[in-house]
Structure formats: C-alpha cells, structure tokens
Amino acid sequence: MDEAFTGVEAQLGITAACRLTGRSRATHYRRRRPAPPRRARAPQVQPSALTAEERAVVLELMNGDEYAELAPAQIWARELDAGRYHCSVSTMYRILREQDQSGERRRQATLPAKAVPELVATGPSQVFTWDIAKAAGPVKGV
C-alpha cells in the first residue's frame with residue numbers, strides 16, 4: 001500500500017494521492033514524522049508522604065488491643081479526640097491494604113463444621129420424608 005501511495009504521490013500530489021488510496025492526510029503526515037519515543041518517568045514521591053517508621057507506628061496503633069476491632073475511621077476519630085493526629089483516614093486504609101488487612105478486622109468465631117443429619121433405612125417403613133428426591137438409595141436418583 002505504501003509503495004502504491006509513493007508512486008501516485010510523485011505524480012498527483014499528496015491530497016490527490018490520499019483521496020485515491022483512501023488514506024487520511026493526517027495519517028500520511030503522522031507516518032512521515034513519527035512521535036519520539038517516550039522517556040520513562042522517574043517515580044514521584046509525595047513530599048508529605050509518611051516514612052516507613054511512621055507507617056509502622058500507625059499500623060501498630062491500628063493493630064493494638066484497643067483498636068484492633070475498629071474501622072480506620074473510628075480509630076482516626078478517637079485519636080483526634082485524644083489530640084493525636086497521625087495521618088488521614090484514607091492513608092490508614094492504604095496502609096491496611098498494603099498489609100492485606102483491609103477486610104474484616106474483628107476476631108471471627110471459628111465454629112466446628114456441622115454434620116448434616118442423615119437418616120438411613122435398613123428396611124421398609126423405617127424412614128419417612130416428604131421429598132423423595134433427597135432419599136438415599138442403592139443408585140443415585142433411585
């Protein structure tokens with residue numbers, strides 16, 4: 001396609017060659033002078049970002065006995081009421097997310113698995129049920 005365009009362009013001009021080949025003039029000019037390759041950006045660090053030590057202090061505060069079962073917004077409010085400001089609420093959530101603690105923070109009860117009661121009949125008229133689809137038999141579904 002480019003060879004045909006180049007041959008026609010020399011005789012007719014750019015505008016006519018673009019119309020004849022169905023190529024946009026903007027595409028033609030863009031291909032003649034491609035954009036320079038992008039340089040890799042240097043990682044930007046927010047000047048007011050918390051240091052690693054400050055983040056560790058906030059994480060220790062949130063995981064302490066007093067605040068272990070509270071949401072970051074409640075921790076932030078209680079600390080602010082006590083006259084201490086460590087960071088914003090969103091930063092607290094960000095720190096928890098980095099440590100994979102952003103889910104349920106309260107201690108969860110672990111209950112033993114409940115066994116499903118199963119009635120087994122060894123003879124006729126021993127077990128009665130209203131749903132015979134669930135009754136165990138010699139073959140599945142029978």
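Descriptive notes on the structure:
- Taking a ≥ b ≥ c as the square roots of the eigenvalues of the alpha carbon gyration tensor, the chain is oblate, as a/c is not under 1.5 and a/b does not beat b/c.
- Within the chain: Cβ-based charge dipole about Cα centre, in debye rounded to nearest 20 (Lys, Arg +1; Asp, Glu -1): 1220 debye
- Applying both filters, DSSP loop and at most 14 other Cβ atoms within 10 Å, to the trypsin sites (Lys or Arg not before Pro) of the stretch 55-131 gives Arg84, Arg106, Arg107, Lys114.
- The magnitude of the dipole of the stretch 39-118, with charges of +1 and -1 set on the Cβ of Lys/Arg and Asp/Glu and taken from the Cα centre, is near 420 debye.
- Within the accessible area of the stretch 19-83 (1.4 Å probe), percent carbon and sulfur: 52 percent
- Accessible area per residue in Å² at 1.4 Å probe, computed on the stretch 1-82: 81 Å²
- Placing unit charges on the Cβ atoms of the charged side chains and taking the dipole of the chain about its Cα centre, the candidate lying farthest along the positive direction among Asn63, Pro138, Ala40 is Ala40.
- Added length on full extension, which subtracts the Cα-Cα distance from 0.36 nm per residue, Val89 to Thr15: 20.7 nm
- Options Thr129, Val89, Leu111, ranked by Cα towards positive dipole end of the chain, top entry (Cβ charges): Val89
- Helix-only mean residue ellipticity at 222 nm for the chain, each DSSP H run of n ≥ 4 adding -39500 (n - 2.57), per residue, nearest 500: -12000 deg cm²/dmol
The values are calculated or read from the model by the stated rules, or taken from the named source; none is laboratory data. Since the structure is predicted, the reported quantities are computational estimates derived from the model, not experimental observations. Note: ideal-geometry Cβ built from the backbone for every residue, glycine included; neighbour counts use all protein chains shown. Just so you know, the surface numbers come from the protein's heavy atoms only, side chains and all, with ligands and any DNA or RNA stripped out. Shrake-Rupley method; radii C 1.70, N 1.55, O 1.52, S 1.80 Å.
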